Amino acid sequence: MSVLTLHPDQLFNLDETLSCGQVFRWDRTMDGWWYGIVGGHVIKIRQDKNRLTFTGVPASFIRRYFSLDMNIAEILASIDSDPFIHACIRRHRGLRLVRQPPWECTVSYICSTNSNIPTIRRRIASLAERYGRPVAFEGKRWYAFPEPSSISCGGHDGLTECRLGYRQSYVFGTSCLVPDEKIWEKTVRKLSYDCAHKELMGLHGVGSKAADCILLFAFQKYDAFPVDVWIRRIMQEHYLPDLTLDAPLTPREYAMIRRFAREHFGEYCGWAQEYLYAGRVG
C-alpha cells in the first residue's frame, strides 16, 4: 500500500468525489475502501482525514486523476458568487472533478441518456466484460474499458447482449468514427470549447448535454456547463425564474442557461455545475 499525505490547504473529499455521479465504475465497501478500474488499472483507495492509502497505481496517477494538482480553494472562491452556491460548497467542500479517460467517458455519456445511474453502470460494465481486456486484482477478474476497434470489429449485432436499447446504434456508430482513440483525443484536446463541442456533437448519440459532460470531465474544459433536468430546475428556482419547466429543453434555452452560467460563475462554471448538482438534494 502507498500513502499520500495531503497538505492542510489541499481540500479533498474522496467520498464526495466518487459518489456525486460523474464516474460510473467505482464501488465503496462497508469499511470505507473504494475500488475502481481506470485505463486498465484497478485502484483500491480510501481516505482517513488527510491521508490517502491506495494501491494499483503510482502517486502521480492519483494526483492527476483526482485533480489534486489544482488549487481548489481558488476555484471555489471564484465560483462562490451567491447564497445558494455558497451553501452547496459548504456542504460538499472537497469535491473535485475527476480527469476521466476521454473515450470511456464519451461512451459512458452516450449510454447515460434517459437513464438512472444503476442502469448506466450496468451498461458500461456489460460493454467492458464483453469487449475489454481482463485484469486480475485481489483474486477477482475486472475488465478494462474496450478500445473503439474492439467494439466496431464485433459488429452492430455483437452489442445486443449488452442491452443498450436504442443506444446500441449510437455506441457502434461512434466506435466506427473513432478508429484511434489517442489520435482522436489529441485532436479534440487542442480545439477551443466551441469547436470541440461541435466536434463531439458530430458523434452518434452525443447531444449538447453529453458533449458538455465529456468536455468537462474528460477534456478539462471547465467553462462547459452541462444542463440536465436537475440543473434546469435549480437554475429556474434560484437564478432564472422566467424559465418554464413544463416543456422540453430547447437548444435556445440550453444556450441561454450556459451563457448565464459562464457570466455568473466565471471560467470555472463547470465546477459550479458539479457543486450545484451535488447540492440538489438537501
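Where a number appears in this text, it was derived from the coordinates with a stated rule and is not lab data. Treat the numbers as computed from the prediction; the structure is a model and nothing was measured. So basically every Cβ, Gly included, is an ideal-geometry build from the backbone, and we count neighbours across all protein chains shown.
Points to keep in mind about this one:
- Of the peptides 86-97, 142-153, the ranking by mean beta-carbon count within 10 Å, highest at the top, reads 142-153, 86-97.
- Lys/Arg +1, Asp/Glu -1 at C-beta; the chain dipole; positive extreme among 10, 152, 187: 152
- The Cβ shell under 13 Å around residue 270 holds other residues with a net charge of +2, Lys and Arg each +1, Asp and Glu each -1.
- Under Karplus coefficients 6.51, -1.76 and 1.60, residue-wise ³J(HN,Hα) of the stretch 252-258 in Hz, glycine/proline x: 5, 5, 4, 5, 5, 5, 5
- Among the listed pairs 186/209; 44/182; 49/182, those beyond 29 Å (Cα-Cα): 49/182
- A simple rule links phi to the HN-Hα coupling: the Karplus curve 6.51 cos²θ - 1.76 cosθ + 1.60 with θ = phi - 60°, which for the stretch 93-101 gives 4, x, 5, 10, 7, 8, 8, 8, x Hz, with x for Gly and Pro.
- Rounded to the nearest whole Hz, the Karplus-based 3J(HN,Hα) values (6.51 cos²θ - 1.76 cosθ + 1.60, θ = phi - 60°) of the stretch 197-203 follow the sequence 4, 5, 4, 5, 5, x, 7, with x at glycine and proline.
- Around residue 19: net Lys/Arg minus Asp/Glu count, Cβ-Cβ under 15 Å: +4
- Restricting the calculation to Cα atoms, the stretch 102-217 shows an Rg/Rh of 0.97 when the hydrodynamic-style radius is the Kirkwood one.
- Each 10 Å bin, from zero up to the one with the longest distance, holds this percent of the alpha carbon pairs of the chain: 6, 28, 35, 24, 7, 0.
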